[in-house]
Amino acid sequence: MSALLAAEELSFAYRSGEPILTEWSASFYSGETVAVTGPSGAGKSTLLYLLGLMLRPGAGQVLLEGEPVSDLPDARRADLRATEFGFVFQDAALDPTRTVIDNIAETALYRGQPRAQALAAAEVLMDRFGVGLRSRHRPGQISGGQAQRIALCRALLARPAIILADEPTGNLDPDTSRLVVSVLREHAAAGNSVIIVTHNHDIAAACDRIVEVSS
Ligand code: ADP
């Protein structure tokens, strides 16, 4: 079986600093949930930015369904980000000028889902994660844990082939954390790939596989 997403000998350094990743390789398959672990500062978030085509590697490449994509022009990479990836990041990057539900529906609308359908599906997801009452609020009026669940709803709604999640349960209570992981596992089981950066042993153990980033 060929990999849905692969990192091939990726190397990276921020302009200012030391190399963060050196010839780092891994393959991610459809149907699986993979935990990325490693010490703080080792480059796990940076790896997600590289896999998610937000940063370009200094050397090596990212392959999507076997095709090299990390060196494509910016517009093409932005298009792939919107169509193939869902992001659940710490700073959920919600638009503060729009309501929560509009933020959630944004990517699904971009992908051509009818508006009424996207909003109805967004409500169902928000209720499932206990943030339904916040749908008409603006992101400035919600907590970090709520923002995280909202980012998760947004990622899931568009049904992307790949979800990249950075400590998605960092601000959540144990019950909500378990719910988040089981929903991410369901998403993977539907033929997608889910990659989760986590320090939490229970979350890592609930994934199909663990890959390490070492400093
Ligand atoms: P992790 O997710 O494993 O904690 P990160 O990928 O966040 O690691 O960071 C790896 C290293 O890169 C750290 O030393 C961090 O300080 C540094 N770093 C992160 N982002 C930037 C940036 N935008 N510019 C320069 N250095 C950065």
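Observations
- Set G52, G31, G41: member being within 13 Å of the ligand (Cβ to nearest atom), touching a residue at least 60 places away in the same chain (Cβ under 8 Å) and either acidic (D, E) or open to solvent by less than 40 Å² (accessible area, probe 1.4 Å) (or both): G52
- Among the residues of segment 55-91, those that are in a loop (DSSP other than H, G, I, E, B) and either more than 16 Å from the ligand (Cβ to nearest atom) or more than 19 Å from R15 (Cα to Cα) (or both) comprise E65, G66, V69, S70, D71, L72, P73, F89, Q90, D91.
To keep it simple, each residue is scored yes or no on (1) in a helix (DSSP H, G or I); (2) under 15 Å from the mean Cα position of the chain (by Cα).
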{"site": "A147", "(1), (2)": "yes, yes"}
{"site": "C153", "(1), (2)": "yes, yes"}
{"site": "L156", "(1), (2)": "yes, yes"}
{"site": "N171", "(1), (2)": "no, no"}
{"site": "V183", "(1), (2)": "yes, yes"}
{"site": "I195", "(1), (2)": "no, yes"}
{"site": "S214", "(1), (2)": "no, no"}
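- With respect to being without any contact (Cβ under 8 Å) to a residue 12 or more places away in the chain, assigned to a loop (DSSP other than H, G, I, E, B) and among the polar types (S, T, N, Q), S16 fits the description.
- Inclusion of L119 among residues that are open to solvent by 10 Å² or more (accessible area, probe 1.4 Å), farther than 26 Å from G31 by Cα and part of a helix (DSSP H, G or I) is warranted.
- Test result for S193, touching a Leu at 6+ places or on another chain (Cβ under 6 Å) and under 27 Å from L63 (Cβ atoms): yes
- Of the residues S40, S27, the single one that is assigned to a loop (DSSP other than H, G, I, E, B) and out of contact with any Asp or Glu (no Cβ under 6 Å at 6 or more places or on another chain) is S40.
The values are calculated or read from the model by the stated rules, or taken from the named source; none is laboratory data. Quick caveat, the model's predicted, so the values are computed rather than measured. When we count neighbours, we look across all protein chains shown, and the Cβ atoms used for this are built from the backbone with ideal geometry, even at glycine. Quick note on the areas: whole protein, heavy atoms, side chains included, nothing else; ligands and nucleic acids left out. Shrake-Rupley method; radii C 1.70, N 1.55, O 1.52, S 1.80 Å.
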